[in-house]
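*Asks:* Take a look at this one; I'll ask things after.
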Amino acid sequence: MRLTEEQIYRYSRHILLPEVGGAGQEKLLKSRVFCLGMGGLGSPIALYLTAAGVGTLGIADSDNVDISNLHRQVLHYTEDIGKPKTESAGEKLEKLNPDVSIILHEGHVTKDNIREIIRDYDIVVDGSDNFPTRYLANDACYFEKKTLVSGAIFQFEGQVAVFKPHAGGACYRCLYPELPPKGMVPSCQEAGILGAAAGTIGTMQALETLKQILGIGEPLTDRLLVFNALNMTFNSVGIKKDPQCRLCGESPSIHSVEEVFQPDCEIEGSPLY
């Protein structure tokens, strides 16, 4: 494809970068990314990928906009309260950049449809807010051989990592083999979250996605970036592929995408997942 004059001007600050240039912008316009979740993480992810000119962006979320979302879920406005989040997000993204085809995946993403949904995308970005969905995304990406850009937030903290087991790297289960029991990690409804912290992590997920598409820089593959907003610190921890991993290890016991359930537990307080 060739960039139009309008596109050259729209993406001129990208094109000026030697690592991107016109060829890189064309890569972005040809790329297809699926973003799971249109909340605190998904909002900045989708905004920056759309602004960057990712050619096709699929978005999924089964929730409706609630007033308690608005301090961190910046794609949604007060007038959107009660709307499905995919509809609310899609309206803003289409206005932001007409070059980008926004595909709405409404309803629940489940073990029965996730592989079919992500099959036509190049990269999956997980902006979900619960553990079963994170494991569901990880397992589906493994079987469909898709790169997974993962993020998580809790109060003033966040984590970002890129998983590429199809290229010999670790998967999410290598880092966290099993779901934490229910009640071990409080939800944001229970523990709270600083809105801008979600924006920080979501923006980094968008950045890692763009780096993957462009093939530039040093990605967070097999590394976990841990962010603490109160101390304004970033720490990078290596992730090793686990030969005993139940999904991508030498003798796997998981052979298909299955529903993942959290065991019951009364313990509270745990490191961030």
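*Asks:* Just give me the residues in the range 64-87 being closer than 16 Å to Ile193 by Cβ, of a type outside the set (Val, Ile, Thr), in contact (Cβ under 8 Å) with a residue 24 or more places away in the chain and in a loop (DSSP other than H, G, I, E, B), in sequence order.
*Replies:* Listed by number, the residues that qualify are His71, Arg72, Gln73, His76.
*Asks:* Let me ask another. What is the number of the single condition among (1) part of a helix (DSSP H, G or I); (2) of a type in the set (A, V, I, L, M); (3) over 17 Å from the mean Cα position of the chain (by Cα) that Leu3 does not meet?
*Replies:* Here Leu3 clears every test but (1).
*Asks:* Go through the range 53-85 and count every residue that is touching a His at 6+ places or on another chain (Cβ under 9 Å), under 22 Å from Ile117 (Cβ atoms) and surrounded by fewer than 23 Cβ atoms within 10 Å (Cβ to Cβ).
*Replies:* 3
Residue by residue, here is whether (1) within 12 Å of Leu36 (Cβ to Cβ); (2) in contact (Cβ under 8 Å) with a residue 24 or more places away in the chain; (3) among the charged types (D, E, K, R) holds:
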{"site": "Pro98", "(1), (2), (3)": "no, no, no"}
{"site": "Glu116", "(1), (2), (3)": "no, no, yes"}
{"site": "Asp120", "(1), (2), (3)": "no, yes, yes"}
{"site": "Asp129", "(1), (2), (3)": "yes, yes, yes"}
{"site": "Phe143", "(1), (2), (3)": "no, yes, no"}
{"site": "Gly151", "(1), (2), (3)": "yes, yes, no"}
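*Asks:* Check off (1) of a type outside the set (Ser, Thr, Tyr); (2) surrounded by fewer than 21 Cβ atoms within 10 Å (Cβ to Cβ); (3) farther than 20 Å from Asp242 by Cβ for Lys145 and give me the number that stays unchecked.
*Replies:* (3)
*Asks:* Shifting gears a bit: If Gly39 passes every condition in (1) in a helix (DSSP H, G or I); (2) closer than 22 Å to Val124 by Cα but one, which one does it miss?
*Replies:* Evaluating Gly39 over (1) in a helix (DSSP H, G or I); (2) closer than 22 Å to Val124 by Cα leaves (1) as the failure.
*Asks:* Go through the residues of the range 89-105 one by one and say whether even a single one is modelled with pLDDT of 95 or more, surrounded by fewer than 18 Cβ atoms within 10 Å (Cβ to Cβ) and within 30 Å of Cys174 (Cα to Cα).
*Replies:* No, the range 89-105 has no match at all.
*Asks:* Have a look at Leu230, Leu214 and point out the one that is crowded, with 18+ Cβ neighbours inside 10 Å and touching a residue at least 40 places away in the same chain (Cβ under 8 Å).
*Replies:* Numbers: Leu230 fails: crowded, with 18+ Cβ neighbours inside 10 Å.
That would be Leu214, the only listed residue that is crowded, with 18+ Cβ neighbours inside 10 Å and touching a residue at least 40 places away in the same chain (Cβ under 8 Å).
*Asks:* Could you tell me whether any residue of the range 51-66 is in contact with a strand residue (DSSP E or B) (Cβ under 6 Å, 6 or more places away or on another chain) and either among the polar types (S, T, N, Q) or more than 25 Å from Ile201 (Cβ to Cβ) (or both)?
*Replies:* yes
*Asks:* Quickly run through the range 218-250 and pick out the residues that are within 20 Å of Val33 (Cα to Cα) and either over 19 Å from the mean Cα position of the chain (by Cα) or part of a strand (DSSP E or B) (or both).
*Replies:* Within the range 218-250, Thr221 is the sole residue that qualifies.
*Asks:* So for the range 130-140 (the condition being modelled with pLDDT of 95 or more, more than 15 Å from the chain's Cα centre (by Cα) and within 20 Å of His255 (Cβ to Cβ)), does at least one residue qualify?
*Replies:* No - not one qualifying residue is present in the range 130-140.
*Asks:* Could you list, in sequence order, the residues of the range 32-48 that are more than 11 Å from the chain's Cα centre (by Cα) and over 13 Å from Ile103 (Cβ atoms)?
*Replies:* Across the range 32-48, the qualifying residues are Leu47, Tyr48.
The values are calculated or read from the model by the stated rules, or taken from the named source; none is laboratory data. Every value quoted in this text rests on a predicted model; they were computed, and no experiment measured them. Ideal geometry is used to build each Cβ from the backbone, glycine not excepted, and the neighbour counts take in all protein chains shown.
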